[in-house]
Amino acid sequence: MLDLFFRKYAWTANLALLFAAAWLTAKTVNTLVGVAIRPRPQIELSQVSGPPPRPTLPATLDVPALYRLIGQKPPSAPEEPTAQGPTAPQNCDDPRAQPSKSDLRMQVVASVLAERDRFSLATIADLSTRETHVLGIGDQVGAVRLLGLERVKDDRDATGNGFKVVAIVCNDGTKEYLDPEAGGDAGPVASANIGTAPVPPPRRGVPGKPMEGIRQVADNRYEIDRSVIDSTFSNLNTVATQARIVPSFKNGVANGFKLFSIQPGSLYASIGIENGDVIQRVNGYEINSPEKALELYQRLQQSQHVSIELERGGQAIRKEYNISGP
């Protein structure tokens, strides 16, 4: 019966097999075609958000605890540097640099302006030490060096024609100027007895009598103590007020310096100088210009003998002075 059944319905089995084979073939083709035409997937890495980064905690170190652990004391904190003001310009060697007002407790009390700068002199009072110094160009007192003298307009003069002389100095490399008004906290200025400590001020004699330390030994011959010369050279500003000195001219040519308004008992009166005398030569050197007078001033400081040739009333007179003492 089985053989009969298979023979009768064999075509049904073949049809089922064909159908199954066709379905498998269609499924395979469909899968292959789908794979071929399907777009390849791509991942946008920029849009992929990962986990947020973990915060990094700052590393800390308990320094005091560490020093306690090793039995030591922590070092003290360094001191912060103090703020310093602007440094002063180092411009002494710059001839075009403008000097600034000095705050030194110094002032110019007298000055001599010569045609040649190197012969100019300045008498500068140090109010801190109460000493007075006569300085030439290039001379130095402490950290202050005299560079020159200049005549400037005095703004306090009501007429507008007044001038004053200032001393250009180099103070620790900075160009400054000193004038008759002291800088810094000067306070009241003493008007008398300002002089170098070891040297007394010029001694004024009794009117009509010579100064102490000056003796007349003969006509036109005198002896002078060295202490008088030393005090004179250290207080030129005081001596300058004892007489008026102006250049003298004869036939249009300078022939010396004329003195008048000589105070009685002054140095000039004590050494035999009279009003109207024209001093022409000292120790054989003509003094017909400020430069020669200043040059002679420097030579006479250590001289033991001085001779003065002068003209009085048209007559030539020669006076001799011997300087003695230490």
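Just to make sure I understand: if all protein chains stay in place, what is the order of Phe257, Phe19 by accessible area at 1.4 Å, largest first? Before the final figure, lay out each step's value.
Values: Phe257 35, Phe19 145 Å².
Greatest to least solvent exposure: Phe19, Phe257.
As a rough guide to protection, the peptides 211-218, 69-76, 165-172 ranked by mean Cβ packing within 10 Å, highest first, stand as 165-172, 211-218, 69-76. Note on Lys292: lysines with a C-alpha under 22 Å away, same-chain residues under 8 apart excluded, are Lys250, Lys258, Lys319.
Taking all protein chains as they are arranged and a probe of 1.4 Å, the heavy atoms of Asp93 leave approximately 140 Å² accessible to solvent. Peptides 220-227, 117-124, 136-143, ordered by how many other C-beta atoms sit within 10 Å of their residues on average, highest first, read 117-124, 220-227, 136-143.
The values are calculated or read from the model by the stated rules, or taken from the named source; none is laboratory data. It should be emphasised that the depicted structure is a prediction, and the values quoted were computed from it without experimental measurement. Methodologically, a virtual Cβ is constructed for each residue, glycine included, from the backbone with ideal geometry; neighbour enumeration extends over all protein chains shown. For accessibility, only protein heavy atoms count, side chains too; no ligands or nucleic acids. Shrake-Rupley method; radii C 1.70, N 1.55, O 1.52, S 1.80 Å.
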